[in-house]
Amino acid sequence: MTGNARSAASSPHRPEPLPPAPGEERSPALALVNTLTTRGGTPVDELDTPRRAARWLADRRLTDDGLSLDAAELDGLHRLRQAVRGLLDAAVTGRAPDARWVESVNRALSAAPVTATLAWPAGGQPSRHTRVAADRPVARALHRLADDTVSLLCGPDAEALAACPADGCARLLLRTHGRRQWCCTRCGDRVRAARHYARRRAAADLSTD
Ligand SMILES: [Zn+2]
């Protein structure tokens, strides 16, 4: 049995994760919303257990390795994700956001106050450091995700924020890669195939008129 076959056999109901969508590498908030997607019409949640959520946070350097989340912290992460999703969707569609989503992001920000400090080592240059004060590492991670949401919505990347146009795909992306509009090659192939099919059907309709 090959390694791939073995890993597929060990998790028969979980599809392979998609490659990161453009922009996820620089925006953890965007990566967060893309952890809840649909595959073939079925919802897929990459953060459905405390263990998977802890792995995800550590992989993005939002917490250290080896963290364990309790049920309330996992619920807090899910609630923040829902709020960020709503806010990013509002930015993409131009619709007014629900006030509860704004409140949720502000709550995550105020739960972990930030202190700025100056560092100036001998022979070096002055630099600014920020320290997020919170009792629990998860609160610091939620603060960073909320802070990145504000940067994304209020900064230059807001213009590049877009929804993947592939049918059945729920992922968001930043259009930072030239004219690329979809979240991954798999979706790009599906969009192109759908357009090709639509053109052929339109041509067939014309010829039968
Ligand atoms: Zn997509």
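At a glance:
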{"quantity": "Residues of segment 173-198 classified as among the aliphatic types (A, V, I, L, M), within 9 Å of the ligand (Cβ to nearest atom) and within 17 Å of the chain's Cα centre (by Cα), total", "calculated": "1"}
{"quantity": "Which numbered condition Asp167 fails, given (1) more than 16 Å from Gly23 (Cα to Cα); (2) more than 9 Å from the ligand (Cβ to nearest atom); (3) out of contact with any helix residue (DSSP H, G or I) (no Cβ under 9 Å at 6 or more places or on another chain)", "calculated": "(3)"}
{"quantity": "Filter result (among the basic types (Lys, Arg) and surrounded by 10 or more Cβ atoms within 10 Å (Cβ to Cβ)) within segment 94-131", "calculated": "Arg95, Arg100, Arg107, Arg131"}
{"quantity": "Count - residues of segment 81-93 that are out of contact with any Ser or Thr (no Cβ under 6 Å at 6 or more places or on another chain) and either buried (at least 16 other Cβ atoms within 10 Å of the Cβ) or of a type outside the set (Val, Ile, Thr) (or both)", "calculated": "9"}
{"quantity": "Condition broken by Arg136, with the remaining ones in (1) closer than 28 Å to Arg51 by Cα; (2) at pLDDT 95 or above; (3) surrounded by fewer than 18 Cβ atoms within 10 Å (Cβ to Cβ) satisfied", "calculated": "(2)"}
{"quantity": "Residue count, segment 139-164 (criterion: of a type in the set (Gly, Ala, Ser), within 13 Å of the chain's Cα centre (by Cα) and within 16 Å of the ligand (Cβ to nearest atom))", "calculated": "2"}
{"quantity": "Any hit, segment 65-87, residues being over 23 Å from Ala134 (Cα atoms), out of contact with any Asp or Glu (no Cβ under 8 Å at 6 or more places or on another chain) and at pLDDT 95 or above", "calculated": "yes"}
{"quantity": "Number of positions in segment 23-64 that are touching a residue at least 60 places away in the same chain (Cβ under 8 Å) and of a type in the set (Gly, Ala, Ser)", "calculated": "5"}
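The values are calculated or read from the model by the stated rules, or taken from the named source; none is laboratory data. Because the structure is a prediction, the values reported are computed rather than measured. Methodologically, a virtual Cβ is constructed for each residue, glycine included, from the backbone with ideal geometry; neighbour enumeration extends over all protein chains shown.
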